[in-house]
1. Answer yes or no: is there a residue in the stretch B:276-296 that is surrounded by fewer than 19 Cβ atoms within 10 Å (Cβ to Cβ) and under 28 Å from residue B:101 (Cβ atoms).
2. Return yes or no: is residue B:104 within 8 Å of chain A (Cβ to nearest Cβ) and among the aliphatic types (A, V, I, L, M)?
3. What number of residues in the stretch A:88-121 are buried (at least 16 other Cβ atoms within 10 Å of the Cβ) and assigned to a helix (DSSP H, G or I)?
4. Considering every residue within the stretch A:157-164, establish whether at least one is closer than 30 Å to residue A:61 by Cβ, surrounded by fewer than 24 Cβ atoms within 10 Å (Cβ to Cβ), in contact with a helix residue (DSSP H, G or I) (Cβ under 8 Å, 6 or more places away or on another chain) and in contact (Cβ under 8 Å) with a residue 40 or more places away in the chain.
5. When both residues are 6+ apart or on different chains and their Cβ atoms are under 6 Å apart, which pairs have a first residue that lies in the stretch B:83-94 and is facing chain A (nearest Cβ under 8 Å), and a second that is modelled with pLDDT under 90 and in a helix (DSSP H, G or I)?
6. Taking residue A:76 as the residue in question, decide whether it is within 14 Å of another protein chain (Cβ to nearest Cβ) and either touching a residue at least 24 places away in the same chain (Cβ under 8 Å) or in a helix (DSSP H, G or I) (or both).
7. May I ask you to list pairs of residues, at least six apart or on different chains, whose Cβ atoms are under 6 Å apart, with the first in the stretch B:136-149 being facing chain A (nearest Cβ under 7 Å) and the second being of a type in the set (S, T, N, Q)?
8. Restricting to the stretch B:123-135, count the residues that are at the interface with another protein chain (Cβ under 7 Å from one of its Cβ atoms) and surrounded by fewer than 24 Cβ atoms within 10 Å (Cβ to Cβ).
2 protein chains.
Amino acid sequence: MTELAQQNGLFGLVAEELRAVETCLQAPVGGNGLLSSVARYAIASGGKRVRPALVLLAARACGAKEATRMVMLASVAEMMHAATLIHDDIVDRSPTRRGRPSTMARWGAEVSVLVGDFLYSRAVQMLVADEDLRIMRGFADATVAMTEAEVLQLQHLWNLTMPEPDYLKIVRGKTAALMSASCRGGAQVAGAPEAVIEALAAYGLQLGIGFQLVDDALDYAAREERLGKPVASDFREGKITYPILHVMAVASEADRAALVRLAGQQSIEEGDVAFLRALVERYAAIPATMRLVDGYLARARASLGALPDSPARESLLRLVDFVRERDW
Amino acid sequence: MTELAQQNGLFGLVAEELRAVETCLQAPVGGNGLLSSVARYAIASGGKRVRPALVLLAARACGAKEATRMVMLASVAEMMHAATLIHDDIVDRSPTRRGRPSTMARWGAEVSVLVGDFLYSRAVQMLVADEDLRIMRGFADATVAMTEAEVLQLQHLWNLTMPEPDYLKIVRGKTAALMSASCRGGAQVAGAPEAVIEALAAYGLQLGIGFQLVDDALDYAAREERLGKPVASDFREGKITYPILHVMAVASEADRAALVRLAGQQSIEEGDVAFLRALVERYAAIPATMRLVDGYLARARASLGALPDSPARESLLRLVDFVRERDW
């Protein structure tokens, strides 16, 4: 999707800086063969580079000229993201990530724990070298929120009666917090006034919530070859997401009971996936999720009202549409 | 050993601050049941609180008066230490830690990965709130060195011909780096001059190397009930430490060949442990290790020459002796 997004011109404005980010990401380690190989494998596992693009576009939208700090910060955001993905795959025991073996499947949980730790501590080291306390604070707060959300998600595995506020807290923490910190950091690097910084942080937060909700919808709605993982992966792993919460809220007693039985098994077979998709279809859970998405995306768009017109602001607006329309 | 050390008066000078550290460590999390429980379990698994004591004694030796920042920094050092222990137990698949189930054994690798991440990111958040870039830099550098060392250790599992510089790099990274950062941070909190900060950082580094080398010797020399884990745990996990490197350097060809066969099996039985201990005895590997220790500890003592006489400096000197004599 890096290619796709660039074809669409979505990140075209910062294409040069994104290439510099790739260079920076490929050279994080000196003198340690295994660490370097695994870190590169994890980082090269593609990914959409959404967080680096958010840093860069937010910085540009605030008039940043000087690329070096933007590129450093964009790399930090992606390294933190990669670190959490590596650890998530251990937590979820995921054999694949984006259609190829996960770092854990390829190198084992032992190495993966350490490489995740390394990428995160290198990212912190880079932030410290940059010497901007406000930016550090944003990323530190985001990583605390991320780990809190991941633990909350574990606590609610297979919990069909998870309160919606807890679900939204998980969504905010696991995805939106780092996107928000990325936008905030971009604006701070550009020396934007406080109101603009906060507007971009709000944009990143709302966009991130929408992004994760779309992800949760696609898990039931998309075709497997687009997902790079099996359909209904979330449910297979016990993660109850909005489409299922919606079904639980509106379904017939019989359908709810069937769902409760299924969750009670804590193990899903292929026939169950067809049943899950049928329930999601019957109770229009995808349109319901997308209505929720639209609310967040509308607020994301509105937040950009605080910024003057610019090509970067245009790109951030188009990114909102892209989140809505994506089936990648 | 917290009790033991306090009986010995080793940390008596900072007993009050150490109690404040305990309070701080017990209250790291708000509003998340599982995270809080596991973090407390991991932190309460005892430990010697050496790193907090180093922060506090270094600060006192530099004339620090105000306890709040010292206690915060001491807590940060212990949280980072706890985070690495939690992740190490995943890496080593250790069922026990200090004679009770490891966090991983008790709560699973999934939760343990996240709780380690949480403790580390909370520690970073606390450092950011303290707003001292030099202190942040010291701890960030230490955590990068720690993860690099852990990966290097994995690369050298079962490697009887590991170069001694790599072994010492592992020892420095996995133990001494954080002890050094703790001493450095204590001196920085106290506003010590640069030369004194560097002297205390050097003290912590040399002390930490000695500390880890003693640990590696005790793994073969101590009784199981003192270790809280089986004798020769390191070899069982494939970790080749100084006593074994010494045997490889001086043993007869037949003994070396037997050791190579044993390492080749990558799995050790009780009879093998007796053989390992016999080799360690025959080739005087413990005295050889302790000679190396003595060099580092002498340099640790010498580093304290840069400081004026004080009760805290006395305690740091006694800690050097204690590292030498410990069988805990």
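1. Among the residues of the stretch B:276-296, at least one is surrounded by fewer than 19 Cβ atoms within 10 Å (Cβ to Cβ) and under 28 Å from residue B:101 (Cβ atoms), which makes the answer yes.
2. Details: within 8 Å of chain A (Cβ to nearest Cβ): no; among the aliphatic types (A, V, I, L, M): yes.
For residue B:104, the condition - within 8 Å of chain A (Cβ to nearest Cβ) and among the aliphatic types (A, V, I, L, M) - is not met.
3. Within the stretch A:88-121, residues that are buried (at least 16 other Cβ atoms within 10 Å of the Cβ) and assigned to a helix (DSSP H, G or I) number 23.
4. Here is the first cut: in the stretch A:157-164, the ones closer than 30 Å to residue A:61 by Cβ are none.
No, the conditions are met nowhere in the stretch A:157-164.
5. B:90/B:104; B:90/B:109; B:91/A:110
6. On the way: within 14 Å of another protein chain (Cβ to nearest Cβ): yes; either touching a residue at least 24 places away in the same chain (Cβ under 8 Å) or in a helix (DSSP H, G or I) (or both): yes.
The answer is yes for residue A:76.
7. B:140/A:125; B:143/A:121; B:144/A:121; B:144/A:125; B:147/A:121; B:148/A:32
8. Initially, the stretch B:123-135 is screened for residues at the interface with another protein chain (Cβ under 7 Å from one of its Cβ atoms), giving B:124-125, B:128, B:131, B:133.
Filter again for surrounded by fewer than 24 Cβ atoms within 10 Å (Cβ to Cβ), leaving B:125, B:128, B:131, B:133.
Of the residues in the stretch B:123-135, 4 are at the interface with another protein chain (Cβ under 7 Å from one of its Cβ atoms) and surrounded by fewer than 24 Cβ atoms within 10 Å (Cβ to Cβ).
The values are calculated or read from the model by the stated rules, or taken from the named source; none is laboratory data. All figures in this text were calculated on a predicted structure; none of them were measured in a lab. Counting neighbours? That spans all protein chains shown, and the Cβs are built from the backbone with ideal geometry, glycine included.
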